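Engineer: Please find one structure pasted underneath; my questions will follow.
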Amino acid sequence: MLDLMPWGRDERRLWNAFDNFSQEFFRGMDQTSMEFKTDVLDRGDRFVLQAELPGFAKEEIQIGLEGDRLTIRAAHSEETEEKGEGDTRYIRRERRFGSFARSFDVSGVETGRIEAKYENGLLELALPKKGKEVPESRNIAIQ
């Protein structure tokens, strides 16, 4: 009974549908698969970046450094095919492709000492912090 409202009182519902179109359209899709999850920890003298990349081989992961930008890229492709007998060509054929990339600002890191390891789907980078710069002190001779 409450749904039987005159059009004038319910006009906001129409505009909300247009505003939320993209959310409604992509609702059924798994958007979490479009990126990989990362955690950044502060361990005092260094940062530790942990990136979850399950299903990737170590050779499929690239870590690049350009200036103060660290970029992690991972690309994977896999095809599975099961053939049937006789005239049947495919009973099942699956293909999975994916590539991911994320960039991080490493301006406070000693980039020459970055270390990385990959084990059980977890990429871990040790990012040593830059030491605090102490201003140089000296005596100036008077001429």
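Engineer: Quick check on region 68-78: of everything there that is more than 12 Å from the chain's Cα centre (by Cα) and open to solvent by 60 Å² or more (accessible area, probe 1.4 Å), which residue is modelled with the lowest pLDDT?
Structural biologist: For region 68-78, the residue satisfying everything is Glu78.
Engineer: Of all residues in region 41-56, how many are within 18 Å of the chain's Cα centre (by Cα) and free of Cβ contacts under 8 Å to residues at least 12 places away in the same chain?
Structural biologist: Adding up the residues that qualify gives 1.
Engineer: At pLDDT 90 or above, assigned to a loop (DSSP other than H, G, I, E, B), in contact with a Pro (Cβ under 8 Å, 6 or more places away or on another chain) and of a type outside the set (S, T, N, Q) - does that describe any residue in region 97-107?
Structural biologist: The answer is no; no qualifying residue exists.
Engineer: Still on this structure, please answer the following. Residues in region 121-143 that are assigned to a loop (DSSP other than H, G, I, E, B), within 24 Å of Leu65 (Cα to Cα) and either out of contact with any strand residue (DSSP E or B) (no Cβ under 8 Å at 6 or more places or on another chain) or touching a residue at least 24 places away in the same chain (Cβ under 8 Å) (or both): how many?
Structural biologist: Total meeting the criteria: 4.
The values are calculated or read from the model by the stated rules, or taken from the named source; none is laboratory data. Quick caveat: nothing in here was measured; it's all calculated off a predicted structure. All Cβ positions, even for glycine, are placed from backbone atoms using ideal geometry, and neighbour counts span all protein chains on display. The area values use the complete protein model at the heavy-atom level, side chains included, leaving out ligands, DNA and RNA. Shrake-Rupley method; radii C 1.70, N 1.55, O 1.52, S 1.80 Å.
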